[in-house]
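Q: Provided herewith is a single structure, encoded as structure tokens, for subsequent inquiry.
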Amino acid sequence: MNKSSLKQILFYSDEGPLAYLTNYYPAKFTLHGKVWPTSEHYFQAQKFPTRPDFQERIRLEETPDGAKDLAFSTREGFRSDWGEVKNGYMKEGIMEKFLQNEDIRMQLLETGDAQLVEHTTEDSYWGDGGDLGTGTIGQNMLGKILMEVRDALREKSKL
């Protein structure tokens, strides 16, 4: 086992050198014919597949917080199967974010085999719940998806 496989990278803030790992990072990408300002905008909009007008309002929000707040403002048209499909939409948005933005793609690949951990006590699903990635409190799903995307990008770069 090499040293880099033991390394852990903790991220959370949408500022600073690790901000590119967050969904709030301003890395535009095109998916399904639309330009998305952040992966957070994309993710929040996917909660409302029967309301394209509302998805568009989310997409056009000025900030990721605004997109999230708008999505949380209603349950009308909210997907009943969101719990089953949300990881797929998160991965899809994150994959496109890194595929279409070479600078941050290279930064992600440079993390090597490090464990990526969204370190926050505020979220025990997407984040670690404050447990430093041990899994005793949080699931760190965002970190796991980022590592899956990193592995897929690494494989793609070998072709």
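Q: Could you say whether any residue in region 60-67 is in contact with a helix residue (DSSP H, G or I) (Cβ under 6 Å, 6 or more places away or on another chain), outside the structural domain of residue 33 (by TED's automatic domain parsing) and within 16 Å of residue 29 (Cβ to Cβ)?
A: no
Q: Scan region 131-143 for residues that are in a loop (DSSP other than H, G, I, E, B) and crowded, with 16+ Cβ neighbours inside 10 Å and jot them down.
A: Residues satisfying the conditions are 131, 132, 133, 138, 139, 140.
Q: Among the residues of region 93-129, what is the count of those that are assigned to a helix (DSSP H, G or I) and buried (at least 18 other Cβ atoms within 10 Å of the Cβ)?
A: Here the count works out to 8.
Q: Quick one: residue 65 ticks every box in (1) in a helix (DSSP H, G or I); (2) surrounded by 13 or more Cβ atoms within 10 Å (Cβ to Cβ); (3) not aromatic (Phe, Trp, Tyr) except a single one, so which number is it?
A: Condition not satisfied by residue 65: (2).
Q: When the residues of region 123-151 are narrowed to those that are over 13 Å from the mean Cα position of the chain (by Cα) and of a type in the set (Asp, Glu), which ends up farthest from residue 8 (Cα to Cα)?
A: 123
The values are calculated or read from the model by the stated rules, or taken from the named source; none is laboratory data. Worth saying up front: this structure is predicted, and the values here are computed from it rather than measured. Counting neighbours? That spans all protein chains shown, and the Cβs are built from the backbone with ideal geometry, glycine included.
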